[in-house]
1. If the only charges are +1 at each Lys and Arg Cβ and -1 at each Asp and Glu Cβ, what is the size of the charge dipole of the chain around the Cα centre, to the nearest 20 debye?
2. Quick check: residue separation of ILE97 and THR32 times 0.36 nm, minus the Cα distance between them. What number comes out in nm?
3. Enumerate lysine pairs in the chain that are 8 or more residues apart or on different chains, then count those whose Cα atoms are under 27 Å apart.
4. Quick check: pseudo-label points 7 Å beyond the Cα along Cα→Cβ at ALA13 and ARG105, how many nm apart are they?
5. So for the pair LEU85, ALA129, with labels modelled 7 Å out along Cα→Cβ, what separation do we get in nm?
6. Across the range 37-45, in residue order, what do the Karplus-derived ³J(HN,Hα) couplings come to in whole Hz, using 6.51 cos²θ - 1.76 cosθ + 1.60 with θ = phi - 60° and x for Gly and Pro?
7. For a footprinting-style exposure proxy, rank VAL80, VAL58 by other Cβ within 10 Å, fewest first.
8. Output wanted: per-residue J couplings in Hz (rounded whole) for the range 52-60, from phi through Karplus 6.51 cos²θ - 1.76 cosθ + 1.60, θ = phi - 60°, x for Gly and Pro.
Amino acid sequence: MKYPIAIEPGDDAHAFGVTVPDLPGCFSAGDTLDEAIDNAREAIELWLEVVIDDGGAVPEPASFAAHQAKPDYAGWVWAVVEVDLSALSDKAERVNITLPARVLRRIDAAAKAAGESRSGYIARRALAAK
């Protein structure tokens with residue numbers, strides 16, 4: 001998915017500020033234009049991950065024209081950041097892992113006590129470890 005980003009021009013004394021108009025509260029910065037764009041990609045991915053973890057919907061990006069018409073962005077530079085949503089997918093994947101038998105027994109006992117499958121228990125604990 002491609003998100004337009006608005007970049008407030010920087011100079012030798014000020015960083016380039018970046019906002020993502022389609023993602024409220026998503027912003028970043030960088031000392032150079034390239035760094036600002038790279039940091040915006042990271043900010044977008046983190047913002048989307050939080051929304052997905054909270055059960056929210058991923059917002060569709062609006063057009064450049066819709067954003068450029070807003071007076072708040074007069075004089076700002078525009079770019080687009082592409083984000084691979086498949087990396088944020090909750091689609092189940094089968095994995096093969098190796099664990100010591102004693103660790104596996106502990107996981108199975110904890111999963112059973114929680115009324116969960118082994119996979120469900122591991123996934124829930126990993127997500128809770130933010």
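1. On the way: 13 positive and 21 negative charges, 278 e Å.
Magnitude of the dipole: close to 1340 debye.
2. On the way: separation 65, 0.36 × 65 = 23.40 nm, distance 4.16 nm.
Extra length from ILE97 to THR32 when fully extended: 19.2 nm.
3. The result is 6.
4. Modelled inter-label distance: 6.8 nm.
5. Label-label distance for LEU85 and ALA129, simple model: 2.9 nm.
6. Values per residue, Gly and Pro as x: 5, 4, 5, 5, 4, 4, 5, 4, 4 Hz.
7. Ranking VAL80, VAL58 by Cβ neighbours within 10 Å, fewest first, gives VAL80, VAL58.
8. Residue by residue, the range 52-60 yields 5, 4, 8, x, x, 9, 7, x, 7 Hz.
Throughout, read-outs are computed from the coordinates displayed, never taken from laboratory work. Just so we're clear, the structure is a prediction, and the values are computed from it rather than from any experiment. Cβ atoms come from the backbone with ideal geometry, glycine included; neighbour counts cover every protein chain shown.
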